[in-house]
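J.: Dropping the structure in here first, questions after.
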Amino acid sequence: MRPLLIIFFCILGLYLAKIFVLDAGKNKPGNSNAKSAPSQSDPSALSVDIYVAKEVDKNNLVYASGTVVPNEEVAIQSELAGRLVKLNIREGGFVKKGQLIAKLNDADLLAQLKKVEYEEQLASQTEARQNKLLQINAISKEEYDMAVNRVNTLSTDKEFLQVQLAKTSVTAPFSGRMGFKNISEGAYITPGDIIANLVQTNPVKLDFSVPEKYSSKIKVGQSISFTIDGDDEQISAKVIAIDPRIDEDLRTLKVRALAKNNNDKLLPGMFIRVEVPLEQEKSIMIPTEAIIPILKGKKVFVMRDGKAQETIIQTGLRTDTRIQVEEGIAVGDSVIVSALMSMKNNSNVILRNVVE
């Protein structure tokens with residue numbers, strides 16, 4: 001019995017020694033056999049930079065591209081056919097509203113008008129005599145009515161010829177600048193011939209499109225700003241019209257603005273970059289380099305417990321360096337912004353730097 005007790009206490013001593021000495025040693029920090037999160041010495045872990053997501057006050061801007069268009073533009077044409085006897089055009093020059101641009105030969109119309117005026121004068125004298133005879137019942141009422149009708153008919157013919165004469169003078173319908181002339185003096189023109197184009201460039205209109213999700217945030221009268229190629233100056237404009245329909249193919253909303261152009265800096269057809277300010281709000285903005293496009297949207301990698309966790313996100317407004325995250329990321333998340341080409345879901349990562 002005594003040897004069995006000795007053996008039992010020996011076994012119990014060895015078991016207790018294993019628990020309190022060997023196992024404790026395995027769990028000590030730095031022990032090479034302990035299972036822990038990736039450390040600086042873990043060769044499989046990727047060193048990454050992170051951006052800590054936070055809410056910022058953001059003056060939201062919608063960026064769009066557009067085109068400068070004339071405030072008014074018209075092709076100058078004659079309503080009549082005839083020989084061009086005068087062309088008052090300085091190509092690229094400024095003309096005022098009502099200024100004479102072209103004059104057609106009107107000699108035949110003047111001759112017809114003179115003839116009608118003589119006939120009208122004679123008809124008026126005849127009507128006056130007939131009226132006196134009617135008063136003494138020397139003629140019938142029918143004869144007098146015929147004389148009155150003759151006067152009225154000649155008066156109408158005279159008005160028609162005066163209108164035709166006015167059409168031989170082609171004038172500017174509004175103030176603006178003339179384009180290149182297409183016809184020279186002495187040419188015979190028809191109503192379909194374009195003499196030149198007249199363009200009003202002060203003010204100018206700006207046509208651009210924004211995504212349909214911003215349709216409710218853009219209002220008539222709203223101020224915008226834009227720049228042109230080769231010049232960083234911000235030019236202001238004001239929204240004057242919004243298309244009542246969304247483009248079904250592009251899912252965009254067409255917007256038109258108006259801008260002053262006193263120094264003729266803006267020319268129709270110019271490409272512009274437009275910034276449309278929206279309401280200020282708090283939002284999470286992360287660096288654009290953290291975004292990875294995928295088939296059904298966008299994703300980022302977030303560092304959690306030493307692992308890179310793949311996260312699908314919904315994005316909103318974008319600037320040159322930041323992009324708004326509407327869904328998928330919370331304040332305080334550590335968004336990985338480096339080594340993304342080598343990153344996989346649940347990859348071991350270690351922190352190298354926190355970027356701002």
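Read the figures in this text as sums done on the coordinates, not as results from a lab. All of these numbers come straight from a predicted model, not from anything done at the bench. We place every Cβ from the backbone using ideal geometry, glycine too, and count neighbours over all the protein chains shown.
J.: Select from the chain the helices, each a whole stretch of DSSP H, whose alpha-carbon atoms run 20 Å or more along the helix axis and whose Kyte-Doolittle mean is at least -0.5; answer none if there are none.
T.: On the way: long enough: 2-17 (23 Å, 2.16); 107-135 (43 Å, -0.80); 141-167 (40 Å, -0.70).
Span-like helices here: 2-17.
J.: While we're here: Among the listed pairs 217/282; 96/181; 167/260; 238/265; 213/296, which have their C-alpha atoms separated by more than 23 angstrom in this model? Please list the in-between numbers first.
T.: Numbers: 217/282 16 Å; 96/181 17 Å; 167/260 34 Å; 238/265 17 Å; 213/296 19 Å.
In this structure, 167/260 exceed 23 Å between Cα atoms.
J.: Quick one: what are the phi-derived ³J(HN,Hα) couplings along the range 258-269, Karplus 6.51/-1.76/1.60 with θ = phi - 60°, whole Hz, x for glycine and proline?
T.: 10, 9, 6, 9, 5, 9, 6, 6, 9, 10, x, x
J.: Suppose R0 equals 30 Å. What FRET efficiency, 1/(1 + (r/R0)^6) with r the Cβ-Cβ distance, do residue 319 and residue 207 give to the nearest 0.05? Write out the running numbers ahead of the final one.
T.: Numbers: r = 24 Å, r/R0 = 0.79.
Result of the calculation: an efficiency of 0.80.
J.: Something else now. Dividing the Cα convex hull volume of the chain by residue count, how many Å³ per residue is that? List each step's numbers first, then the result.
T.: Numbers: hull volume 95.0 nm³, N = 356.
Dividing the Cα hull volume of the chain by its residues yields 267 Å³.
J.: Would you mind counting up the charge near residue 334? Only other residues with Cβ under 13 Å from its Cβ, with Lys and Arg at +1 and Asp and Glu at -1.
T.: Working: positive: 54, 304, 307, 352; negative: 49, 305, 333.
Around residue 334, the charge tally is +1.
J.: Next question, about the same structure. Report the local net charge at residue 231: Lys and Arg +1, Asp and Glu -1, summed over other residues whose C-beta lies under 15 Å from its C-beta. Walk me through the numbers on the way to the answer.
T.: On the way: positive: 265, 273; negative: 229, 232, 233, 264, 275.
Residues close to residue 231 contribute a combined charge of -3.
J.: Calculate I(q)/I(0) for the range 159-277 by the Debye formula, one identical point scatterer on each C-alpha and no solvent, and give its log10 at q = 0.11, 0.13, 0.14, 0.17 Å⁻¹ to two decimals.
T.: -0.57, -0.71, -0.77, -0.92
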